[in-house]
1. Would you mind finding the one in Thr293, Thr303 that is modelled with pLDDT under 90, under 30 Å from Trp137 (Cβ atoms) and polar (S, T, N, Q)?
2. Read through the list (1) among the hydrophobic types (A, V, I, L, M, F, W, C); (2) at pLDDT below 85; (3) closer than 28 Å to Gly305 by Cβ, then give the number of the only condition that Phe328 fails.
3. What are the pairs, 6+ residues apart or on separate chains, where a residue within the stretch 62-81 that is buried (at least 19 other Cβ atoms within 10 Å of the Cβ) has its Cβ under 7 Å from a residue that is assigned to a helix (DSSP H, G or I) and among the charged types (D, E, K, R)?
4. Is the stretch 48-61 home to any residue that is farther than 18 Å from Ile359 by Cα, at pLDDT below 90 and either of a type in the set (A, V, I, L, M) or part of a helix (DSSP H, G or I) (or both)?
5. Looking only at residues in the stretch 197-222 that are assigned to a helix (DSSP H, G or I) and touching a residue at least 40 places away in the same chain (Cβ under 8 Å), which one is surrounded by the most Cβ atoms within 10 Å (Cβ to Cβ)?
6. Search the stretch 125-170 for residues being of a type in the set (Gly, Ala, Ser) and at pLDDT below 80, and hand back the single one that is farthest from Thr381 (Cα to Cα).
7. If you check Ala135, Ala75, which single one turns out to be under 23 Å from the mean Cα position of the chain (by Cα) and either closer than 25 Å to Cys308 by Cα or of a type in the set (D, E, K, R) (or both)?
Amino acid sequence: MSHEVDVFSEVPETEQRWLARALKNETVGGLLLMASALFALVWANSAWSDSYEAIVNFKFGPEALNLNLTLNVWAADLLLAIFFFVIGCELKHEFVLGTLSNPRIAAVPIGAALGGMVTAAAIFLAFNFGTPAQAAWGLPISTDVAFALAVLAIAGHRLPIELRSFLLTIAVVNDLGAILVIAIFYGHGFYAMWFGLAVALLLLFALLQNRKVTSIFIFLPLAIVIWYAMFRSGIHATIAGVAMGLLMRVRKTQAEQVSPCDKAEVTLRPLSAGFAVPVFAFLAAGVNVLGTTLGEALSDPLTVGVLCGLIIGQPIGVTLGAFLVSRFTKGTLNPDLSWWDVVVVGSLASIGFTVALLIAEVSFIADPAILMTSKFAIIFTNLVAIIVSVLAISIRSMAIGRYKTQ
């Protein structure tokens with residue numbers, strides 16, 4: 001009996017509506033993300049750069065609760081918690097109902113994602129090991145699905161939905177890996193009492209989900225307290241968002257038209273993609289490069305590590321990881337697709353922006369000079385990654401076109 005699995009088989013009809021909605025919202029969010037980052041970059045390098053810095057560093061919030069924070073920190077800790085909650089919901093949906101619910105099929109995108117992450121981090125460390133910048137080895141490990149899908153919307157709208165689904169799955173797994181990296185390696189101190197409170201409240205959150213409680217008047221205050229407890233614990237507050245997303249109930253009852261998980265994702269994804277992420281990008285991407293020598297910035301080992309990690313490491317790691325796992329599990333490609341399609345997805349996986357900026361913020365919060373260099377590296381690398389991805393998509397399209405005319 002054959003045990004082969006069609007790795008890039010047709011997306012089940014029951015999943016196509018959920019996938020189409022996710023892809024559409026992420027694509028729009030990616031375009032807004034691009035616009036926000038570009039606006040911040042122009043403003044930060046204009047005659048009004050002081051006003052941009054004043055906005056980024058404006059503080060507000062109750063000091064008694066240790067919440068007198070700058071706008072930049074509010075965006076990184078609170079707004080991105082919404083973004084990570086949506087990622088948590090995506091993961092829960094994928095684990096229970098989607099591609100990741102079948103372990104043998106899930107192994108391929110997971111292997112591809114891990115291959116890309118490990119290869120990218122290893123290349124970065126090869127250039128930065130033993131330097132102060134080595135703490136930022138997490139910079140090239142994450143794929144920005146909104147950015148990547150925006151590039152697809154512009155240059156690769158004819159790519160099959162199966163590959164778009166594969167890209168979304170890789171990005172979600174990458175985000176999970178980045179979340180774990182942030183939680184384990186980029187905390188600022190650890191306060192067991194606050195962490196214990198956060199865990200206890202998350203258990204209550206899970207219990208209420210299992211008991212089919214759906215009231216927003218219960219979950220919203222609970223979510224705020226969980227976020228605050230995680231914030232005070234020293235672990236990055238965005239972890240609270242993904243934890244709550246993963247605890248959402250994804251199977252609906254007979255009385256429900258949609259599950260709480262899908263309902264929350266539908267409600268919050270536009271807020272995440274259309275507001276939270278673009279605002280964070282605007283506040284984080286404003287790098288003043290006017291006083292920087294371009295040659296020095298480009299030759300800095302941190303920049304070279306991020307550039308090579310993403311542009312070289314991610315495509316090679318994704319393709320090699322997918323190939324090895326598919327061979328190991330006897331998986332097969334859809335006859336209409338080729339391994340060049342996987343290379344295209346690997347090139348799109350090299351587009352990493354939002355989580356990379358977050359890791360830069362938490363890595364070098366006490367070192368403004370390295371923080372500025374890391375942000376420059378991220379922005380420059382993403383420009384190169386977009387160009388490389390468009391070229392890969394174009395070559396793929398021309399090759400398919402020639403094949404069909406023969």
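1. Working: Thr303 fails: modelled with pLDDT under 90.
From the options Thr293, Thr303, the qualifying one is Thr293.
2. The failed condition is (3).
3. Close Cβ pairs (under 7 Å, with a partner that is assigned to a helix (DSSP H, G or I) and among the charged types (D, E, K, R)) amount to Ala76/Glu361.
4. yes
5. Of the stretch 197-222, the ones assigned to a helix (DSSP H, G or I) are 197-210, 216-222.
Filter once more, keeping what is touching a residue at least 40 places away in the same chain (Cβ under 8 Å): 198, 202, 205-206, 209.
On the way: Ala198: 24, Leu202: 19, Phe205: 21, Ala206: 16, Gln209: 18.
Only one residue fits best here, namely Ala198.
6. Let us first name the residues in the stretch 125-170 that are of a type in the set (Gly, Ala, Ser), namely 126, 130, 133, 135-136, 138, 142, 146, 148, 150, 153, 155-156, 165.
Of the ones still in play, those that are also at pLDDT below 80 are 146, 148, 150, 153, 155-156, 165.
Values: Ala146: 16, Ala148: 13, Ala150: 16, Ala153: 20, Ala155: 19, Gly156: 20, Ser165: 24 Å.
Among those residues, the one meeting the criterion is Ser165.
7. On inspection, the qualifying residue turns out to be Ala135.
Here is a yes/no grid of residues against (1) touching a Cys at 6+ places or on another chain (Cβ under 6 Å); (2) under 30 Å from Ala47 (Cβ atoms); (3) at pLDDT below 85; (4) not in a helix (DSSP H, G or I):
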position: Thr253; (1), (2), (3), (4): no, no, no, yes
position: Gln257; (1), (2), (3), (4): no, no, no, yes
position: Cys261; (1), (2), (3), (4): yes, no, no, no
position: Pro278; (1), (2), (3), (4): no, yes, no, no
position: Cys308; (1), (2), (3), (4): no, no, no, no
position: Pro315; (1), (2), (3), (4): no, no, no, no
position: Pro335; (1), (2), (3), (4): no, no, yes, yes
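The values are calculated or read from the model by the stated rules, or taken from the named source; none is laboratory data. Only a predicted model underlies this, so the values are computations on that prediction, with no experimental measurement involved. All Cβ positions, glycine included, derive from the backbone under ideal geometry; neighbour counts span all protein chains shown.
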